[in-house]
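Working notes, beginning with the structure itself.
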Amino acid sequence: MRVAAIGQGYVGLPLSIAIASSGHTLYAVEIDPVRFESLRACRSYIVDVTDEELRRETENERYVPMANLAEVPEVDVYLISTPTPLTDDKRPDLTYVDRALAQVASVARPGALIVVESTVYPGAIRQHVAPLFERLSGLKSGVDVFFAYSPDRVDPGRDAVLCDVPKLVSGLDDQALEAIRTFYGTVFKEVVPVSSCEVAEFTKLLENTFRYLNIAFVNELSKATSAMNISLREVISAASTKPFGFMPFHHGPGVGGHCLPNNVHYLNHALGSAGHKSHLLNAAAEINESMPRHVMQRLAASLRRQGKSLQGATVLILGVAFKSGVADSRNSPAFAIGAELVSMGTTVKVTDPWLGIDMDSDTFKAVELTADECRHADAVVLVTDHEEIDYETVLASSNLIFDCRGMLNAAEVEQL
Ligand SMILES: NC(=O)c1ccc[n+]([C@@H]2O[C@H](COP(=O)([O-])OP(=O)(O)OC[C@H]3O[C@@H](n4cnc5c(N)ncnc54)[C@H](O)[C@@H]3O)[C@@H](O)[C@H]2O)c1
């Protein structure tokens with residue numbers, strides 16, 4: 001098949017390589033000029049795709065980077081993997097999907113299958129995406145073109161082969177479902193059809209919100225257990241010995257990334273449209289979003305015990321990516337913690353082996369991790385526990401270490 005994949009990010013690029021590796025011809029459309037040039041040079045910027053994979057599929061002419069969809073030859077399938085952020089008032093923002101859809105509308109021919117991979121709210125494909133496309137293109141869904149929804153389940157940095165993860169598929173009509181099922185049957189080991197796009201849309205939000213809620217639960221517990229002098233990490237580890245009915249989640253400095261902090265609001269929006277106000281989702285968002293301030297307050301208390309205050313202090317934040325093993329800092333709690341500290345009159349420096357020192361920020365200075373930087377800081381806060389951090393230097397040179405991840409076991413380290 002000939003496929004055009006719009007958006008070559010954390011979702012689009014690994015998916016495109018998997019499709020090209022399965023023998024299809026994939027036109028990879030990327031609007032960001034820096035990313036596009038990187039693709040043309042076979043340099044991957046996504047942790048789950050190697051330069052070798054990119055080179056192999058490019059040389060085989062199965063992976064073809066394109067800057068503009070209008071220049072792509074006629075294809076059978078369009079995939080949309082563009083961002084789905086929140087508006088300022090935390091409502092779903094489908095602007096990027098709409099723009100991609102407008103581009104598809106200007107080139108798609110009858111018979112095309114249009115697959116949305118981005119996370120959307122239940123009802124979005126039927127009530128928003130398909131009608132918008134029909135208005136823009138004059139083509140009719142279910143007659144001329146076919147709409148499918150197949151939420152991506154990639155977890156960047158996790159050592160999992162994409163094609164081994166069962167792929168959920170759904171369609172607006174029987175023909176769309178059959179088309180997506182057949183297509184992804186050539187790429188994924190297992191394809192899981194569901195009865196409607198709404199079920200697939202809801203399933204994706206359920207999967208991510210399940211994690212978000214459980215993290216909120218342990219985050220809330222952590223606020224009390226530290227005052228009770230109980231190690232919550234030891235409690236979680238003890239509970240994990242139960243072979244059924246328990247799944248460990250760990251508290252931390254907040255929840256970042258493009259997905260989890262957004263998806264809870266997508267689900268909340270969907271429940272709200274059905275006239276339901278979710279106390280649980282709102283409480284979870286409040287708890288997780290309060291963690292950066294909690295870290296700042298705990299750090300202030302630790303410094304006070306040393307006769308210091310945040311005002312005028314220098315704090316070095318270790319790890320800016322939203323989780324370990326990735327270079328993605330979207331919605332990272334490191335920024336929120338940094339902002340809390342700056343508001344208290346603290347000088348904030350940041351260091352991250354995955355992000356280098358090109359992290360531009362008006363408020364924080366990015367530095368290399370050195371013994372001198374640790375020594376000159378009044379406190380070092382471990383926000384993201386990348387394996388590549390030189391923990392020996394941190395332990396040997398820091399005045400005060402505040403560990404948000406339970407990574408450092410030394411007695412003198414303060415734990416969140
Ligand atoms: N990141 C994850 O782990 C993950 C996992 C599952 C689902 N998702 C969902 O997948 C979607 C994409 O997320 P992501 O993390 O891959 O985002 P991303 O920002 O890494 O990638 C999106 C890419 O699309 C490009 N783009 C935007 N509009 C375009 C257009 N009109 N034409 C061509 N390229 C365009 C951007 O430049 C960017 O490179 C979101 O809905 C997200 O919620 C993400």
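The values are calculated or read from the model by the stated rules, or taken from the named source; none is laboratory data. Remember, it's a predicted structure, so these values are computed and weren't measured experimentally. Because the Cβ atoms are built from the backbone with ideal geometry, glycine has one as well, and the counts that use them run over all protein chains shown. SASA here: full protein model, heavy atoms, side chains in, ligands and nucleic acids out. Shrake-Rupley method; radii C 1.70, N 1.55, O 1.52, S 1.80 Å.
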>> Give me a comma-separated list of calculated 3J(HN,Hα) values for the stretch 44-50, in order, Karplus coefficients 6.51, -1.76, 1.60 applied at θ = phi - 60°, integers in Hz, x for any Gly or Pro.
In response: 7, 10, 10, 4, 7, 10, 8
>> Using only the alpha-carbon atoms, what does the stretch 259-340 span along each of its principal axes? Please give whole angstrom values in decreasing order.
In response: 53, 29, 16
> Between residue 2 and residue 339, what is the spin-label point distance in nm, taking each point 7 Å from the Cα along the Cα→C-beta axis?
Replying inline: 4.6 nm
>> Can you give me the solvent accessible area of residue 52 with a 1.4 Å probe, rounded to the nearest 10 Å²?
In response: 120 Å²
> Counting only heavy atoms of protein chains, what accessible area per residue, in Å², does the chain have with a probe of 1.4 Å?
Replying inline: 46 Å²
>> Tell me the accessible surface of residue 2 in square angstrom (1.4 angstrom probe, heavy atoms of protein chains only), to the nearest ten.
In response: 90 Å²
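So for 167, 140, what's the accessible-area order with a 1.4 Å probe, most first?
Working: 167 10, 140 110 Å².
Descending accessible area places them as 140, 167.
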>> Can you compute the modelled spin-label distance between residue 228 and residue 51, with each label point 7 Å from Cα toward Cβ, in nm?
In response: 5.1 nm
> To the nearest 10 square angstrom, how much accessible area does residue 63 have with a 1.4 angstrom probe?
Replying inline: 0 Å²
> At a 1.4 Å probe, what is the % contribution of carbon and sulfur to the accessible area of the chain?
Replying inline: 51 percent
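Could you tell me the ratio Rg/Rh of the stretch 233-415? Both radii from Cα atoms, Rh via Kirkwood.
Numbers: Rg = 17.6 Å, Rh = 17.5 Å.
Here the Rg-to-Rh quotient is 1.00.
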> What number, rounded to the nearest 500 deg cm²/dmol, is the helix-based mean residue ellipticity at 222 nm of the chain, given -39500 (n - 2.57) per DSSP H run of at least four residues and division by all its residues?
Replying inline: -12500 deg cm²/dmol
> Sorted by accessible area (1.4 Å probe), largest first, how do 276, 386, 128 line up?
Replying inline: 276, 128, 386
>> In whole Å, what are the extents of the stretch 170-318 along the principal axes defined by its C-alpha atoms, from largest to smallest?
In response: 70, 37, 32
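In what sequence, highest mean first, do 372-384, 170-182 appear when ranked by Cβ atoms within 10 angstrom?
Numbers: 372-384: 22.6, 170-182: 19.6.
Going from most to least packed, we get 372-384, 170-182.
Quick check on the chain: what are the equivalent-ellipsoid semi-axes from the Cα gyration tensor, as sqrt(5λ), descending, whole Å?
Values: eigenvalues 350, 117, 72 Å².
They are 42, 24, 19 Å, listed from largest to smallest.
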> Which length gain, in nm to one decimal place, applies between residue 392 and residue 242 when the Cα-Cα distance is subtracted from 0.36 nm times their residue separation?
Replying inline: 50.6 nm
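With a 1.4 Å probe and all protein chains kept in place, how do 401, 357, 31 rank by accessible area, largest first? Spell out each step's value before the answer.
Values: 401 10, 357 90, 31 140 Å².
Order by accessible area, largest first: 31, 357, 401.
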>> For residue 204, give me every one of the lysines with a C-alpha distance below 21 angstrom, ignoring sequence neighbours fewer than eight places off in its own chain.
In response: 90, 167, 189, 277, 323
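What is the percent of Cα-Cα separations in the stretch 87-189 that go past 23 Å?
For the stretch 87-189, the fraction of Cα-Cα distances above 23 Å is 32 percent.
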